[in-house]
Amino acid sequence: MPTILIAGKAGEGVKKASSILAEQLNQIGYKCFQYDDYQSVIKGGHNFSLITFERKAVYSCYQQADIAFFTDKESLKIHQERIQDNTLIIINCPEEMKKAVCIDFKKSFSENQIEESFYGVTAITIVLKLIGYSKEKIIEVIEHSFKRDQSRNQIVSEISLSLMYDEFNYDLKQHKPVTSRFYSGNSLIALGLIAGGLDYYTGYPMTPASTILHYLAKKKDEFGIIVQHAESELASVNMAIGAAFSGARAATGSSGGGICLMVEAFSMAGMTETPLVLINSSRPGPATGMSTYSAQSDLKFILNMGHGEFPRIVASPVNFEDAFFLSAELMDLAWKFQVPTVLLTEKHLSESMMNVDIDLNDYNPITTEFSDDDNYLRYKISEDGLSPLAFPPSKSMIKWNSNEHLENGVRTDQAQEALQMIEKRVRKGNYLKAYINENIKMIDMIGNEGFLLLTYGSTGLSVRESVKHLEFNCRIVQIRYLEPFPKEQLDEILTEPFIVIEQSITGLFAELIKEKTGRIAKSVIKRYDGRPFDPLELAKEIKERINA
C-alpha cells in the first residue's frame with residue numbers, strides 16, 4: 001500500500017503536515033490511516049508520521065515508505081529500514097546524496113528569516129506538488145489549513161515550489177472525494193461518551209489518553225458538558241465519583257501510571273456502587289515506561305485492580321467504529337448496574353486516525369431506572385442485587401458510604417449485616433454477567449472460514465490489515481469484553497487450533513484465554529517494543545506459525 005513518511009525534529013510541524021496531507025488524500029478519493037510517532041520531549045526529539053492510503057479502507061500503517069520527506073540528514077539515518085529501492089526521498093540537505101532529492105531549504109529559510117517550525121508547510125507543499133496539485137491549489141490548501149502567519153506560510157510554500165525539481169512526480173490518479181470522515185480513536189471515544197449521556201469529564205493529562213480531555217474541552221459548549229483539568233489523577237477520579245453522586249454521568253481517563261493512582265478510588269466506586277467510566281489508554285511500563293508508545297501489558301492489572309471483591313466491567317474496542325459504540329455502551333452499563341467500568345485501549349487506536357463510515361446517531365441507549373420512593377434505601381437488598389438510584393435534592397436521605405453499610409447507607413461492622421451486603425454485590429455481578437452474555441456483543445468476528453486468529457484491542461487493526469496479504473482465509477476473533485469474559489462463546493469457537501496475537505512479552509492475553517477456557521494457543525505472536533505490528537511482517541509471521 002502506498003505510504004508517505006514525514007520526519008523531523010519536534011516543533012517542525014510534522015504531525016500537522018501529515019494530518020493536512022491525509023485530508024487532501026481524502027479529497028482526491030483515498031482513504032487513509034495516519035500513525036504519529038513522537039518522543040516525550042517538547043523540543044529536539046525526533047517526530048515522524050506515516051500515512052498509508054488506498055481506495056479501500058486501511059486499518060493500519062505500513063512501515064515501508066513510497067514518499068519520504070526529511071527535514072535533516074539525521075532523520076534519514078533513523079529511517080533507513082523504511083527506505084526501499086523505489087522510495088522517492090526528499091531531504092533538507094545542501095550536498096548531494098545518493099538516491100535522494102537534496103534541497104537546501106534551510107539556506108532559503110535563513111535568507112527569508114523563516115524559522116524551522118515552518119518545515120511542515122514545506123512538506124505539505126512538496127508532497128502535494130508530487131501528487132499533481134497546481135501552485136494555486138497548494139496555496140489555497142495552505143491558506144485554509146493555517147489561520148495564523150498566512151503571509152509567511154505563502155512565502156514558505158512559494159520558496160519550496162521554486163526549489164523543487166519539476167521532473168519529479170508521483171503518479172496518483174484522482175477520484176471523487178471520500179465521504180467518510182477522518183477521526184482519531186480518542187475523538188471517537190469522546191463522542192461515544194457524549195452519546196452515552198456524558199455530563200462531566202475530568203482528567204489529568206497523560207499520553208496517550210490526553211487528547212480525550214482536550215477534545216471534550218473543545219466540544220463542551222457544543223454538547224453542554226462540563227470538562228475539568230484536575231490537579232492530579234487522584235483528584236480527577238474522586239471528582240468523577242462526586243459528580244456521579246449528584247446524578248451526573250461522569251468519566252475520567254489516563255494511562256497506566258495515572259490509573260495506578262486511581263485504584264483506591266476505583267475500589268471505593270465498587271463499594272459505593274458508583275456508576276463510573278474509567279478509560280485506560282495503555283502504554284509500555286513499568287513506571288513511566290515509554291510514555292508516548294503503545295502496549296497491552298496492563299491487561300491483568302486492569303482486570304484485577306482494586307482491593308476487595310466487587311463487580312466491574314472491562315472492555316476494549318476492536319476498531320475505530322467500536323471506540324464510539326463501546327464507550328457509549330459502557331456508560332450505559334455503568335449506570336444500569338451501578339458499577340465502575342473500564343474502557344481499555346492503546347495508543348495505536350487512541351492517537352492514530354483513519355476514515356470511519358459511521359452515523360453518530362446510530363447508538364441505541366440502554367435504559368436506567370430511577371427511584372422516587374419516599375422511603376428511599378440507597379443499598380436496598382434485592383434479588384438481582386440492583387438497588388434503586390436517586391439523587392439530591394430528595395425528600396429522603398441519600399447516603400453513599402465507602403465503609404460496609406446497611407441498606408440506608410449507614411456504616412456497619414456487624415457480621416450478618418455485612419454478609420447480606422457482600423452477597424448482594426455478588427448477585428448483582430452475576431446478573432450483570434448474565435445480561436451482558438445475553439444482550440451485548442462480546443466478540444467480534446471477521447470471516448466465516450479459515451484458521452483462527454485471536455486478538456483484542458487495537459492489535460486487531462494490524463491483524464485485519466495483515467490478512468489482506470495472505471493467500472488463504474483466516475477468521476479473526478476479536479474479544480470486546482474481557483470482564484465478564486465470553487467463556488461460553490469461546491468454548492464453541494475454539495474447537496480447532498488457533499493463534500493469539502498481542503502486544504505483551506509474557507503473553508498475557510493467551511494466558512487469560514487459557515485460564516478462562518482451558519484452551520492453549522498453537523502459537524502466540526508477540527510484539528512489545530511499543531510499536532504496532534507492520535501488516536506485511538505480521539502476515540509473514542502468521543503464515544510461518546500456521547505452517548509450523
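The values are calculated or read from the model by the stated rules, or taken from the named source; none is laboratory data. Not measured: the values here are computed from a predicted model. No Cβ is skipped: glycine too gets one built from the backbone with ideal geometry, and neighbour counts run over all protein chains shown. The accessibility values were calculated without ligands, DNA or RNA, using every heavy atom of the protein model including side chains. Shrake-Rupley method; radii C 1.70, N 1.55, O 1.52, S 1.80 Å.
Numbers below:
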{"read-out": "Using alpha-carbon coordinates, inclination of helix 135-145 to the longest axis of the chain, degrees", "value": "30 degrees"}
{"read-out": "Residues of type lysines that LYS43 reaches as a straight line, Cα spacing below 16 Å, ignoring anything fewer than 8 places off in the same chain", "value": "LYS9, LYS15, LYS16"}
{"read-out": "Student exercise, the range 409-548 dipole from Lys, Arg, Asp, Glu Cβ charges, in Debye to nearest 20", "value": "240 debye"}
{"read-out": "Among beta bridges that DSSP assigns inside the chain, antiparallel share in %, nearest 5", "value": "35 percent"}
{"read-out": "Cα gyration tensor category, rounded, prolate or oblate, for the range 171-301 with a/c compared to 1.5", "value": "oblate"}
{"read-out": "Unit charges on C-beta of K, R, D, E only; dipole of the range 227-317, Debye", "value": "220 debye"}
{"read-out": "Radius 12 Å from Cβ of GLN489, net charge of other residues (Lys, Arg +1; Asp, Glu -1)", "value": "-1"}
{"read-out": "Unit charges at the beta carbon, dipole of the range 314-414: most positive-side option, SER387, ASN319, ASN401", "value": "ASN401"}
{"read-out": "Ratio Rg/Rh, restricted to the range 44-170 and using Cα atoms, in which Rh is the Kirkwood radius", "value": "0.95"}
{"read-out": "Positive-end residue, the chain charge dipole about Cα centroid, Cβ charges, pick of SER18, ALA418, GLY29", "value": "SER18"}
{"read-out": "The chain: angle of helix 256-272 to the longest principal axis, Cα-based, in degrees nearest 10", "value": "20 degrees"}
{"read-out": "The range 108-164 pair-distance distribution - Cα-Cα, 10 Å bins, rounded %", "value": "25, 61, 14"}
{"read-out": "Three-way shape label, the range 218-293, alpha-carbon gyration tensor, a/c 1.5", "value": "oblate"}
{"read-out": "Cα Rg, Dmax, the range 490-548, angstrom units", "value": "12.1, 34"}
{"read-out": "For the chain, size of Cβ-based charge dipole, Lys and Arg +1, Asp and Glu -1, in debye", "value": "360 debye"}
{"read-out": "Accessible surface of the chain, 1.4 Å probe, proportion on carbon and sulfur as whole %", "value": "49 percent"}
{"read-out": "Cα gyration tensor, the range 225-382 - rounded (a/c under 1.5), prolate or oblate", "value": "oblate"}
{"read-out": "Computed over the range 475-527: relative contact order in percent, which uses C-alpha pairs under 8 Å that are six or more apart", "value": "38 percent"}
{"read-out": "Nearest 10 degrees, 0 to 90: helix 535-547 Cα axis against the chain principal axis", "value": "60 degrees"}
{"read-out": "Partners for LYS543 among lysines (Cα-Cα distance below 25 Å; same-chain residues under 8 apart left out)", "value": "LYS56, LYS468, LYS514, LYS522, LYS526"}
{"read-out": "For semi-axes √(5λ) of the Cα gyration tensor in Å, calculated from these coordinates, the label among (1) 47, 27, 19; (2) 39, 29, 20; (3) 58, 44, 28", "value": "(1)"}
{"read-out": "For the chain: accessible area per residue (Å², 1.4 Å)", "value": "42 Å²"}
